[in-house]
Amino acid sequence: MSSTIAALFQSLHQKAKKEGTPLLREGQFISAKVVDILPKNQAVVQLGSQTIKAQLETSLTNGERYLLQVKQLGEPPLLKVMSSKPAHSNEGLLHLLKAMDQKPTKANMAMLQKITKEGMPFTKQALSAALTILKKEGAEPKTKEVLQQMLENQYPIKESVFAALKARESITLSHVFSNMAEEKNHNQRLNDLASMLSGKQGSLSLKQAVTSQVIRDLSLGSQTTFSLLKQAHALPQDLTYATFKQQGASWLGHSLTTSLSLEEAADLLHHVDARKLPFSYLANETVLKDRLSSLLKEQLPLTSKELHALSEWVNQTAALLRPDGKPNAAMLTHTHQWLEHRAVFTKLQTAAGEELPQLVKQVEQFIKYADSNHRLSEQVIHKLQTILQRQVADIHKPQLIEWTLKGSIMDSAVSKEAFLLKINSMVHLSGVQDEASWLRDKEQAQPTLKSLIVQGLQDNGAAKSESMRTAMHLLNGVQLAAQQESTQMLQLSMQLPGELMGMKEDAFVHFESKKNKNGEIDSDSCRIMFYLQLEQMSETVIDLMIVERKVKVTIYNEHESVSSAIKKHKEAMKTGIEQLGYQLISINLKQGVANANNQAHSSYKLDQSGVDVKI
């Protein structure tokens with residue numbers, strides 16, 4: 001990560017942190033400023049930008065900052081004063097280090113002073129571990145920055161976490177993925193994923209990759225690929241799995257009686273005549289690419305829970321079309337209100353068309369007046385049913401994304417769809433969300449790059465690969481830094497391989513907002529910043545301020561040609577933003593990326609909440 005982007009994102013984080021209250025846990029220490037003394041040993045203390053009433057065990061001086069320990073959470077929380085000396089004073093720091101059984105070295109004093117000044121919550125164990133790493137690694141600025149980030153975000157203070165975050169600060173994804181793709185001691189799928197994530201096609205063409213997966217599924221007796229290809233209309237809709245399996249065995253010359261790995265299935269391609277492939281509908285790579293790409297474009301920006309509820313709503317609504325149709329009024333009412341609350345109808349309108357709002361109103365009328373004459377649009381309901389039939393299960397989306405990327409990775413065209421595809425590829429194929437998927441008990445149909453690296457490092461033959469260890473640290477660092485939150489604020493950061501995005505260096509995207517009433521992010525009011533290293537325009541920052549769905553765009557760049565480019569594309573941008581339900585207020589160009597650092601502090605004021613990452 002360059003010094004510019006590090007400073008920019010750090011300034012953003014500092015701004016968000018000041019607007020929130022640190023998440024407190026019992027046993028933690030935190031410095032807080034006393035802003036008012038109340039009777040009965042109570043006081044109002046300032047944590048971040050928020051003030052809370054706290055029960056204290058010691059009298060304090062109004063206006064001073066003290067180091068406190070959270071003894072008990074509650075209303076108000078019980079806080080113990082660690083020292084009557086101000087937290088930032090030498091006496092206060094020395095008292096704390098002694099209580100923590102730590103030596104008062106220059107490096108330890110400086111680290112503790114920074115922690116107390118910033119109001120970072122920490123435990124005795126966390127501080128002790130951080131100071132141990134500081135002693136081992138040396139008190140260089142980068143080491144101190146990473147340790148402070150770990151304490152501030154309450155990460156586990158372990159050497160592995162430190163190595164991961166430090167790797168993110170000093171190494172690019174493009175460099176790591178390219179190195180892994182060039183090494184020949186990995187398995188074929190690992191090399192293939194690394195190649196694609198570094199902007200190259202990999203060892204297999206799209207047709208070879210799909211056919212290999214077909215052969216593997218036939219050996220397993222699985223219908224997964226068969227179903228996905230039929231859903232994409234890459235196979236005839238009247239083709240049965242029995243016929244499909246029979247044709248595959250005829251082409252291979254024998255039935256598959258043992259389970260094959262993906263690599264073994266790919267090896268079989270060298271022993272058969274690809275020209276005699278019975279699946280003629282797969283033989284035309286251009287058609288296959290287009291069918292897969294179309295299916296991916298039709299995926300709705302909805303969670304599986306939202307899709308299930310929408311399907312139930314459509315089924316209940318469709319019952320109203322029948323003369324004797326009697327939907328479950330209570331279920332329809334509950335589902336309709338839930339979908340409204342989740343803004344599902346708004347997200348659906350682009351795909352469903354302009355008639356959807358009318359259908360929603362008609363259903364609302366039925367809910368309100370159950371015995372009224374309800375004339376629903378049969379055409380819209382059928383369209384919704386078709387849209388739902390085209391939705392791919394979460395477990396199969398990574399496979400669809402991988403094939404679509406493989407088929408289009410050499411395309412030079414620049415489009416919104418291509419950009420989103422590459423973001424999706426990083427999210428679903430790299431493994432940065434593996435642990436989150438496991439926590440949600442979500443299966444993975446195909447191993448990700450990260451899971452293959454873990455498997456490789458556990459193998460003695462691959463354990464010596466420095467590129468694999470470096471990749472593991474970096475992916476862990478990207479994952480750790482992906483989300484940060486306080487009680488009021490939520491931040492999401494993404495790092496994207498530069499070569500995959502067609503750029504010189506890695507790209508960074510930062511989202512931040514206040515939380516909505518559900519503790520989530522929404523799309524009404526938020527901030528989105530892009531840091532891009534473009535081939536022609538070099539270092540560029542794009543800052544989107546969204547307040548009540550009104551968008552202000554500020555572009556930071558040194559090149560004079562950017563102004564003419566903005567004028568050329570302004571109307572198209574305005575139209576695109578309006579199609580998403582937003583209003584473009586202004587586009588401003590400012591010289592110098594460094595100016596973005598100052599703006600990150602001064603210009604961001606939110607009265608609402610949220611950002612919707614539509615991936």
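The values are calculated or read from the model by the stated rules, or taken from the named source; none is laboratory data. Please read all numbers here as calculations on a predicted model, not as lab measurements. Neighbour counts are summed over all protein chains in view; Cβ atoms, including those assigned to glycine, are modelled from backbone coordinates with ideal geometry. For accessibility, only protein heavy atoms count, side chains too; no ligands or nucleic acids. Shrake-Rupley method; radii C 1.70, N 1.55, O 1.52, S 1.80 Å.
What is the helix-to-structure angle for 449-458, meaning the angle in degrees between its Cα long axis and the longest Cα principal axis of the chain, kept from 0 to 90 and rounded to the nearest 10?
Result, in degrees: 70.
May I ask you to derive the FRET efficiency for Gln458 and Val414 from their Cβ-Cβ distance with R0 = 45 Å, giving the value to the nearest 0.05?
In this case the efficiency is close to 0.65.
Which value, in Å³ per residue, describes the convex hull spanned by the Cα atoms of region 88-240?
So the per-residue hull volume is 188 Å³.
Tell me, what ³J(HN,Hα) does each residue in region 493-498 have, in order and in whole Hz, if you take phi through Karplus 6.51 cos²θ - 1.76 cosθ + 1.60 with θ = phi - 60° and put x for Gly and Pro?
Couplings: 10, 10, 10, 10, x, x Hz.
How would you rank 382-394, 284-296, 565-577, highest first, on the average number of other Cβ atoms within 10 Å across their residues?
284-296, 382-394, 565-577
With the radius of gyration and the Kirkwood radius both derived from the Cα set of region 302-431, what is their ratio Rg to Rh?
Computed over Cα atoms, the ratio is 1.08.
Roughly how many Å² is the accessible area per residue of the chain, as a whole number, for a 1.4 Å probe?
49
Quick one: dipole size for the chain, taken about the Cα centre, charges +1 on Lys/Arg Cβ and -1 on Asp/Glu Cβ, in debye to the nearest 20.
Charge dipole, the chain, about its Cα centre: 1140 debye, nearest 20.
For Thr350 and Ser304 in the same chain, what is the full-extension length gain: residue separation times 0.36 nm, less their Cα-Cα distance, in nm?
The span from Thr350 to Ser304 would gain 14.7 nm if fully extended.
What does the convex hull of the Cα atoms of region 194-275 come to per residue, in Å³, rounded to a whole number?
110
How large is the direction-averaged shadow of the alpha-carbon convex hull of region 186-237, in nm²?
Mean orientational projected area (region 186-237, Cα hull): 4.3 nm².
What is the helix-to-structure angle for 416-429, meaning the angle in degrees between its Cα long axis and the longest Cα principal axis of the chain, kept from 0 to 90 and rounded to the nearest 10?
70
With everything on Cα atoms, drop me the angle between helix 378-389 and the longest principal axis of the chain, reported from 0 to 90° to the nearest 10.
80
Scan (i) 33.9; (ii) 38.1; (iii) 26.6 for the value of mean projected area of the Cα convex hull in nm² calculated from this model and give just the label.
Evaluating mean projected area of the Cα convex hull in nm² on these atoms matches (i).
Cα centroids of region 25-41 and region 498-521: how far apart, whole angstrom?
When both Cα centres are located, 35 Å separates them.
At 0.36 nm per residue, and after removing the present C-alpha to C-alpha distance, how many nm does the segment from Thr51 to Asn328 gain when stretched out fully?
94.9 nm
With r defined as the distance between the Cβ atoms of Val547 and Thr224 and R0 fixed at 60 Å, what FRET efficiency is calculated, to the nearest 0.05?
That pair, Val547 with Thr224, gives E of 0.85.
Would you work out which of His336, Leu359, Leu321 lies farthest towards the positive end of the dipole of region 308-360? Charges go on Cβ: Lys and Arg +1, Asp and Glu -1.
Farthest towards the positive end: His336.
Taking the simple approach of a point 7 Å from Cα along Cα-to-Cβ for both Ser84 and Ser538, what is their distance in nm?
Modelled inter-label distance: 5.9 nm.
Mind jotting down a quarter of the surface of the convex hull over the alpha carbons of region 505-579, in square nanometres, one decimal?
Answer in nm², one decimal: 6.0.
Report, to the nearest whole %, how much of the accessible area of the chain belongs to carbon and sulfur atoms, 1.4 Å probe, protein only.
Reported share for carbon and sulfur atoms: 50 percent.
Compare the Cα positions of Thr172, Gly456, Val34 along the charge dipole of the chain (+1 at Cβ of Lys, Arg; -1 at Cβ of Asp, Glu; about the Cα centre) and return the one farthest towards the positive end.
Looking along the dipole axis, the top candidate is Val34.
Cross-link candidates for Lys106: which aspartates and glutamates have Cα within less than 18 Å, leaving aside residues fewer than 8 places away along the same chain?
By straight Cα distance, Lys106 reaches Glu91, Glu137, Glu140, Glu145.
Grab the DSSP H runs of the chain that are 4 residues or longer, score each as -39,500 (n - 2.57), total them, divide by all residues and round the 222 nm result to the nearest 500 deg cm²/dmol.
Value at 222 nm, helices only, nearest 500: -15500 deg cm²/dmol.
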